[in-house]
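Everything below concerns the one structure shown next.
The values are calculated or read from the model by the stated rules, or taken from the named source; none is laboratory data. Predicted, not measured: the structure shown is a model, and the values here were computed from it. Neighbour counts are summed over all protein chains in view; Cβ atoms, including those assigned to glycine, are modelled from backbone coordinates with ideal geometry.
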Amino acid sequence: MKNKVVIVTGGSRGIGKATCIKFAKMGAYVVVNGFDNERHIKGSSDLVVKEITDFGGKAISYDCDISQKQNIISLFDKTEENFGNVDVLVANAGICPFENFLNINEDMFNKVVDVNQKGAFFCAQEAAKRMILNKIKGRIIFTSSVSSIFGGDLQSHYCATKGAVNQMMKSIAISVGKHEITSNAVLPGTVLTDINKKELKANPDLLNYFIKRTPIKRLVTTEEVAEAILFFANPKSSGISGASLIVDGGMSINLQ
C-alpha cells in the first residue's frame with residue numbers, strides 16, 4: 001500500500017480508526033474523515049492523525065457530515081489537493097441509534113438512511129468518478145454488517161441500510177469493473193465500538209451471551225476487521241469484486 005491514497009469515512013474511532021492506522025503502517029497516505037456529534041469526541045480525527053504521524057505515517061483529517069453530497073465532494077477535493085488522487089475508498093461511516101421498531105420515528109429513520117446508505121452511495125460514486133478520470137485501478141470497500149443478513153432487535157432501521165449497502169456494492173462492482181475498479185464489503189459481527197460499547201458494557205449478560213455464541217470464545221476486534229478491509233485493498237486482490245466477507249469469529253453460523 002506504499003504511497004496509495006486512502007479515504008476512510010468514520011475514520012476517527014472504532015473500526016475506522018483501526019483501519020486508518022493499519023493503512024498508514026503499510027505506507028499509505030490516509031485521509032481520516034469523521035463528524036462531530038453528541039457521541040463523538042470533538043477533534044478525535046486530529047488525534048488519529050497525530051497517532052499516525054507520531055510513528056512516521058502520513059495522514060490528514062477532514063471532518064464533515066457525509067450525509068450531504070456537497071460535503072463528500074469537498075472531502076475528495078481536499079484529498080486531491082493534499083495527495084493528488086484517490087486509490088482506495090473505505091466507506092465505513094455508520095450510525096445505529098438503538099430503538100424499538102414501534103418507536104422509530106421518521107426523523108431517526110431518515111438520519112440512519114442518510115448516513116449509512118445515501119452517504120455510502122455518494123462516496124462510492126465520487127470515488128469511482130475520480131478513479132475513472134485518473135485511470136486508477138481503485139478499490140471501493142464498504143463496511144456492512146452481519147445484521148444486514150440476519151437482522152437484529154432494536155436495529156430494524158440500521159439493518160435495512162446495511163442490506164442496501166450489500167446490494168449497492170454488487171451493482172457498483174458491475175458498473176466499475178470495466179475500469180478495473182473493484183467493489184467489496186466487509187461484514188463485521190459484534191465488535192466493541194462506540195456504536196454498541198455503552199449498551200454492551202451496561203448489560204454484562206448480553207455481552208457474555210455474544211461471547212458464548214462465538215466459536216472463538218471472544219469478540220472480534222476492530223483491528224481484525226481492519227485486516228479484512230486491508231485484504232480487499234491489496235493490489236493482489238484485484239480478481240475479487242462483488243464479494244462479502246463476514247468477520248465475526250463464526251458467531252453467525254453458531255445456532256446453539
Checklist entry - Here are some residues: VAL86, VAL90. Which one is aliphatic (A, V, I, L, M), surrounded by 23 or more Cβ atoms within 10 Å (Cβ to Cβ), part of a loop (DSSP other than H, G, I, E, B) and in contact (Cβ under 8 Å) with a residue 60 or more places away in the chain? => result VAL86
Checklist outcome for this item: Those residues of the stretch 48-70 which are surrounded by 16 or more Cβ atoms within 10 Å (Cβ to Cβ) and either on the phi > 0 side of the Ramachandran plot or over 17 Å from the mean Cα position of the chain (by Cα) (or both) amount to VAL49, GLU51, ILE52, GLY57, LYS58, ALA59, ILE60
Next on the checklist: Looking only at the stretch 98-111, how many residues end up being out of contact with any Ser or Thr (no Cβ under 6 Å at 6 or more places or on another chain) and part of a helix (DSSP H, G or I)?
Outcome noted: 8
Item to check | Answer from ILE174, ILE216, ILE195 - the residue that is modelled with pLDDT under 90, under 22 Å from SER244 (Cα atoms) and not basic (Lys, Arg) | outcome: ILE195
Checklist outcome for this item: When every residue in the stretch 222-256 that is under 14 Å from the mean Cα position of the chain (by Cα) and among the polar types (S, T, N, Q) is compared, the one surrounded by the fewest Cβ atoms within 10 Å (Cβ to Cβ) is SER244
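Answer yes if at least one residue in the stretch 26-34 is under 23 Å from ALA185 (Cα atoms) and surrounded by fewer than 19 Cβ atoms within 10 Å (Cβ to Cβ), and no otherwise.
Filtering the stretch 26-34 for residues under 23 Å from ALA185 (Cα atoms) gives 26-34.
Next cut, surrounded by fewer than 19 Cβ atoms within 10 Å (Cβ to Cβ) only: 26-27.
Looking through the stretch 26-34, at least one residue is under 23 Å from ALA185 (Cα atoms) and surrounded by fewer than 19 Cβ atoms within 10 Å (Cβ to Cβ).
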Next on the checklist: Could you go through the stretch 169-183 and let me know if any residue there is surrounded by 18 or more Cβ atoms within 10 Å (Cβ to Cβ), in contact (Cβ under 8 Å) with a residue 40 or more places away in the chain and in a strand (DSSP E or B).
Outcome noted: yes
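Taking the stretch 133-147, which residues are within 20 Å of LEU192 (Cα to Cα) and out of contact with any Ser or Thr (no Cβ under 8 Å at 6 or more places or on another chain)?
If the condition is that a residue be within 20 Å of LEU192 (Cα to Cα) and out of contact with any Ser or Thr (no Cβ under 8 Å at 6 or more places or on another chain), then THR143, SER145, SER147 are the ones that fit.
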Checklist entry - Which residue pairs have Cβ atoms under 6 Å apart, sit 6 or more places apart or on different chains, and have a first residue in the stretch 60-82 that is assigned to a loop (DSSP other than H, G, I, E, B) and a second that is aromatic (Phe, Trp, Tyr)? => result ASP63/PHE35; ASP65/PHE35
Checklist entry - Yes or no: PHE98 aromatic (Phe, Trp, Tyr) and in contact with a Leu (Cβ under 8 Å, 6 or more places away or on another chain)? => result yes
Checklist entry - Restricting attention to the stretch 142-156, does a residue exist that is modelled with pLDDT of 95 or more, of a type in the set (Phe, Trp, Tyr) and not in a helix (DSSP H, G or I)? => result yes
Item to check | Complete set of residues in the stretch 74-106 that are among the acidic types (Asp, Glu), farther than 16 Å from GLY27 by Cα and in contact with a helix residue (DSSP H, G or I) (Cβ under 9 Å, 6 or more places away or on another chain) | outcome: GLU80, GLU99
